[in-house]
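Undergrad: Sharing a structure with you now.
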Amino acid sequence: MAAALGGLRGLLAAAGRAGGPARPWGRPAPPGARFLGQSSHQPVGPRAGPEPGSGGLPEGVEYIPTRKKGKNPMKPVGVAWYSLYTRTRLGYLFYRRQVKKARERYPHGHSAPQPCHFPGVKILPIPVLSNNYSYLVIDTGSSRAAVVDPSDPQAVQAAIEEEGVMLEAIFCTHKHWDHSGGNAALRQRHGSCKVYGSALDAIPELTNPLADREKVSVGCLTFEALATPGHTVGHMVYVLDGGPFDGPPCLFSGDLLFLAGCGRLFEGSPETMLASLDMAVGLGEETLLWPGHEYALECLSFASLLELDNPALEQKLQWAMQQRQEKRSTCPSTLGEEQTYNPFLRTHQPELQAALGLRRGAGEHPDAFRARVLKEVRRRKDLYKAT
């Protein structure tokens, strides 16, 4: 997302010159753990989003792009560029350029994913763009399927055809084009397919707005939508109930949570993001984490600078380095694993607090202190440059 926004400068200049706009469940954990036709419903102008005072923002959410630049935690990206990306056609055009470049650079995808099977369910990660993941989730008994965050409709359609399934649902975690850009083309191809997501995010082609804790069935699969604001005001994650299939819950986390990382706080406060992360952790240690990006190596490398003596972190980093050298996917992890090395889930740990040089103030509520720790971790990660 940050790289995408940074590249908007070049696209803006070009537009001006042109004069126009897995492992299978039960397997031991690793150490440490054809482009579719153009839709007639393309966006042609700014995508409306909720503004402060509109009554549409969850309690505690700040719409950060309207804040003064000096106080903005997304300063390395820039408020103006974020607004261009999310609220104008220029962002959509840049997304299309991203897709084109990624197809040329990674004709077979940026990673070699491993499908995950347990009785009655198949989860197929689809590597798209330069580091995104879409997920095709299949009820193998009925051959009905849902897709999460279809960034590149061509890649998703190829997977649908190869698996021989019927696409019934698109679950969109949030409005950013690298997660929602394929909605229109897939809807054009699969007319009965429904698009689910939050009404608080300007998700293209949204047909079925979801409320927090609302459930959706696709064949025999049951997904629960959970409101997780912070990255955007309407960010949602989706949890597949694995109980009927003797498997674990599966969390499709979008940009809420990555292996050893979390999303930027574009439209929410640290307190809001902390509450969303706590909600995710509450799903249970066995929950499989299916993130929206392949950020594992960068996030683990950053985390290792904060906790110099964390055996679980070191072990996971070595494993991730081997995986990425072989261009293999690093997902899924488990929420239990994440709590041993993900700094954004370790704000309660004295070791991390000490490493950041932070101490709880007299009378400071524990969660207020944890939010302060999260803010500092996020600030340092925003400034971190992977070598």
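We did not get these values from a lab; they are worked out from the coordinates using the rules stated. Fair warning: this is a prediction, and the values are worked out from it, not measured in the lab. A quick note on method: Cβ atoms are made from the backbone with ideal geometry, for glycine too, and the neighbour counts reach across all protein chains shown.
Undergrad: Run the quick spin-label model on R96 and E314: label points 7 Å from Cα toward the beta carbon, then report their separation in nm to one decimal.
TA: In this crude spin-label approximation the distance works out to 5.1 nm.
Undergrad: Extending each Cα 7 Å along its Cβ direction at K327 and D241, get the distance between those two points in nm, one decimal.
TA: The answer from the label model is 4.0 nm.
Undergrad: Kindly flag which residue pairs out of K175/K381; K122/K327; K175/K215; K122/K385; K100/K175 have an alpha-carbon separation exceeding 28 Å in this structure.
TA: Too far apart for the 28 Å limit: K122/K385.
Undergrad: Further question on the same structure: If I take every Cα pair under 8 Å that is 6 or more residues apart in the stretch 236-387, average their sequence separation and divide by the length, what percent do I get for the relative contact order?
TA: Taking the mean separation of contacting Cα pairs over the length of the stretch 236-387, I get 25 percent.
Undergrad: Placing +1 at every Lys and Arg Cβ and -1 at every Asp and Glu Cβ, with all other atoms neutral, what dipole size does the stretch 216-314 have around its Cα centre, in debye to the nearest 20?
TA: 300 debye
Undergrad: Same structure, new question: Would you mind ranking T228, T207 so that the residue whose beta carbon has the fewest other beta carbons within 10 Å leads the list?
TA: In order of increasing Cβ crowding within 10 Å: T207, T228.
Undergrad: Moving to a separate point now. As an exercise, use a Förster radius of 45 Å and the Cβ-Cβ distance of K385 and A211 to find the FRET efficiency, rounded to the nearest 0.05.
TA: 0.65
Undergrad: Same structure, new question: Sorted from fewest to most neighbouring beta carbons within 10 Å, what does the list L283, L259, L136 look like?
TA: So the residues, fewest neighbours to most, are L283, L136, L259.
Undergrad: Moving on to the next point. Which values of log₁₀ I(q)/I(0), to two decimal places, follow from the Debye formula for the stretch 334-379 at q = 0.14, 0.26, 0.29, 0.32 Å⁻¹ with a uniform point scatterer at every Cα?
TA: Each listed q maps to, in turn, -0.31, -0.93, -1.08, -1.22.
Undergrad: Among Y341, Y295, rank each residue by its count of other Cβ atoms within 10 Å, from fewest to most, as a rough exposure measure.
TA: Fewest-to-most Cβ neighbours within 10 Å comes out as Y295, Y341.
Undergrad: Could I ask something else about it? Set the Förster distance to 22 Å, then compute FRET efficiency between H365 and E286 from the Cβ-Cβ distance, nearest 0.05.
TA: Result of the calculation: an efficiency of 0.15.
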